[in-house]
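For reference, the structure is listed below as structure tokens.
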Amino acid sequence: MQLSQLTKKYEKLGSMLTDVPSEIRDRFIVRKFPRNTVICKKDEVILHVYIICAGTMRIVNEFDNGNIYAFTDTEPYTWIGDTELLAGVHHYDCTVESVTNCTTLQMSREDFLTCFENSHAFAKELARTIANKVHHRSSKIGENIFYPVLYNMTTLLIQLAQEYKVDNKAAIIPLKRQHMAERLGISIRSVNRAIKRLRENHYLSIAKGKIVIEPEQLLRLMQAVDQFK
């Protein structure tokens, strides 16, 4: 896919690049990553900045004590490497890997900084994106800290079921329990306890080790979730 095709498909991206000089745009690369591919690793030198145009990325932050906090960005126009460079940091803060097949726009760090300094439309959209990212992550961290595990687990399962359901068929959740624990900042034991309780109350079932949520179960989960706060 060429850049012109990408900007035509994603109008917001095209608007952001309207006043970026053609000699810089010509250096941008449309890159596709198959699922389960590491795009960048924590502490690697930033050579490129990426804009996620389609697909789901898993962003993982590993700490010295062995704890892992993970969350998944599913919205288009999520950036990788932007906040670090604007803060004067030249290493990636997190490890990023693709959960699904992903399409990205790749640019060098030099071109990224040039666009930020010289393109009003580019800088304006980037500022809006960073603000949304900070707001979303702050909200999720607050929920994970102050709400019970069962509520957070149910909220996550509702989100995943809506993402993976097809028509009126059951949603099969491909996310591993380890990944769920990382996204919620809890132990696998806590995840298993929550799943067991939901299963015992017929909110979900397990088939071949994967969580399965039928349409009527999803409806019941959505009706019951606030009771778990």
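Taking Cα atoms only, the orientation of helix 188-200 departs from the longest principal axis of the chain by about 50 degrees. The charge dipole of the chain, taken about its Cα centre with unit charges on the Cβ of Lys, Arg, Asp and Glu (plus for the first two, minus for the last two), comes to roughly 1080 debye.
About its Cα centre, the dipole of the stretch 146-228 is roughly 400 debye, where the only charges are +1 on Lys and Arg Cβ and -1 on Asp and Glu Cβ. Relative to the longest principal axis of the Cα atoms of the chain, helix 215-224 runs at roughly 90 degrees. The phi-based Karplus calculation (6.51 cos²θ - 1.76 cosθ + 1.60; θ = phi - 60°) puts the 3J(HN,Hα) values of the stretch 86-101 at 5, 8, x, 9, 10, 10, 5, 6, 9, 8, 10, 9, 7, 8, 10, 4 Hz, whole numbers, x for Gly and Pro. Set the bar at 20 Å for Cα to Cα. Now go through 32/133; 176/210; 169/196 and name every pair that lies beyond it. Check vs 20 Å cut-off fails for 32/133; 169/196. Going by Cα centres, the stretch 6-22 and the stretch 154-214 are how many Å apart? A separation of 38 Å, based on Cα centres.
Of the peptides 110-121, 172-183, 34-45, 93-104, the order by per-residue mean of other Cβ atoms within 10 Å, starting with the highest, comes out as 93-104, 172-183, 110-121, 34-45.
Projecting the Cα positions of 134, 13, 191 onto the charge dipole of the chain (unit charges on Cβ atoms of Lys, Arg, Asp and Glu, taken about the Cα centre) puts 191 furthest along the positive direction.
Over the chain, Cα pairs under 8 Å with separation of 6+ residues give a relative contact order of 20 percent.
No lab work stands behind these numbers, since they all come straight from the coordinates. In this text, all values refer to a predicted model and were calculated from it rather than measured experimentally. For neighbour counting, all protein chains shown are included, and Cβ atoms are generated from backbone atoms with ideal geometry for every residue, glycine included.
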